[in-house]
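I have placed the structure first, in the form of structure tokens, so that the comments after it can refer back to it.
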Amino acid sequence: MVVVAGQGPSFSAGLDRSMFGTLPSQLAQGDESFLELIASYQAGFTWLRDPSFVSIAAVQGHAVGAGFQLALACDLRVAAEDVQLTMAEPSLGLVPDLGGTQVLVDLVGYARALEICATGRRVPAGEAQSIGLVNLVVPNADLTAAVDDLAAAVSASPHDAVTATKALLLGSRDRSYADQLLAERTAQMARIKALAEGQR
């Protein structure tokens with residue numbers, strides 16, 4: 001189990017705008033070098049999708065740009081009532097580049113994802129829950145306890161069964177229905193063998 005939380009009143013304000021000044025020198029090192037730099041940032045966010053654990057974002061206050069994408073990179077999201085989610089990159093002349101575009105479309109659909117990104121508007125907690133961006137909204141004072149409760153509930157199920165299920169869910173978009181059924185059969189066989197051997 002991995003819990004990602006901010007310290008202070010906000011989850012994450014996103015990109016450090018002072019980095020804009022360093023971008024021309026980074027671009028001068030060549031396209032491949034610049035693409036590798038972005039890939040290194042993406043790797044940190046992608047790590048949260050690793051099927052060997054479940055990740056939970058405990059989101060309070062502002063989650064802007066990269067901060068919003070960090071929350072999206074987690075498997076589950078618990079939000080405090082004061083949450084404001086914003087995909088600010090397009091309003092800064094940039095694009096979201098930390099894996100958030102695919103997850104956002106998966107959660108809310110193309111049209112709503114485009115609207116959230118293109119307008120740069122703030123999505124408050126209640127709306128975020130109603131459109132599927134967050135799993136749960138709680139009073140700010142209850143955020144830690146709610147995350148602890150969710151983590152305990154997930155951890156109560158056998159770890160290997162949960163992580164195998166996460167792998168099936170993550171891979172489902174890349175497989176045909178027939179291939180998904182084969183993946184489920186294969187995963188189930190492995191689980192039954194493990195249970196027969198006394199493993200959970």
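The values are calculated or read from the model by the stated rules, or taken from the named source; none is laboratory data. Nothing here was measured: the structure is a model prediction, and the numbers come from that model. Because the Cβ atoms are built from the backbone with ideal geometry, glycine has one as well, and the counts that use them run over all protein chains shown. We work out accessible area using only protein heavy atoms, side chains counted, and drop any ligands, DNA or RNA first. Shrake-Rupley method; radii C 1.70, N 1.55, O 1.52, S 1.80 Å.
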- Message: Please pick out the residue among ARG49, ARG77 that is of a type in the set (Lys, Arg), within 22 Å of VAL2 (Cα to Cα) and either touching a residue at least 60 places away in the same chain (Cβ under 8 Å) or touching a Ser or Thr at 6+ places or on another chain (Cβ under 6 Å) (or both).
- Response: ARG49
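Based on what the data block shows, is LEU35 open to solvent by less than 80 Å² (accessible area, probe 1.4 Å) and either at pLDDT 85 or above or not charged (D, E, K, R) (or both)?
Working: open to solvent by less than 80 Å² (accessible area, probe 1.4 Å): no; either at pLDDT 85 or above or not charged (D, E, K, R) (or both): yes.
No, not satisfied.
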- Query: Going through the range 48-72 one residue at a time, which ones are within 15 Å of LEU169 (Cβ to Cβ) and open to solvent by 10 Å² or more (accessible area, probe 1.4 Å)?
  - Reply: ARG49, ASP50, PRO51, SER52, PHE53, VAL54
- Of the residues that sit in the range 144-159 and are under 18 Å from the mean Cα position of the chain (by Cα) and closer than 24 Å to ALA187 by Cα, which one is surrounded by the fewest Cβ atoms within 10 Å (Cβ to Cβ)? VAL154
- Identify all residues within the range 167-200 that are closer than 24 Å to GLY99 by Cα, of a type in the set (Lys, Arg) and open to solvent by 90 Å² or more (accessible area, probe 1.4 Å); write none if there are none. ARG173
- Can you confirm whether the range 65-79 contains a residue that is in contact with a helix residue (DSSP H, G or I) (Cβ under 8 Å, 6 or more places away or on another chain) and on the phi > 0 side of the Ramachandran plot? yes
- Message: If I filter the range 86-101 for residues that are open to solvent by 50 Å² or more (accessible area, probe 1.4 Å), under 22 Å from PRO51 (Cα atoms) and of a type outside the set (Asp, Glu), do I get at least one hit?
- Response: yes
- Message: Looking only at the range 73-85, count every residue that is open to solvent by less than 10 Å² (accessible area, probe 1.4 Å) and assigned to a strand (DSSP E or B) and tell me the total.
- Response: 4
- Have a look at GLY44, GLY30 and point out the one that is modelled with pLDDT under 95 and over 28 Å from SER157 (Cβ atoms). GLY30
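Does SER25 qualify as being part of a helix (DSSP H, G or I) and over 25 Å from ASP142 (Cα atoms)? Even if it seems obvious, please write down each step before you answer.
Details: part of a helix (DSSP H, G or I): yes; over 25 Å from ASP142 (Cα atoms): yes.
Yes; evaluated as a whole, the condition is true for this residue.
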- Could you tell me whether PRO9 is on the phi < 0 side of the Ramachandran plot, at pLDDT below 95 and either in a helix (DSSP H, G or I) or loosely packed, with under 11 Cβ neighbours inside 10 Å (or both)? no
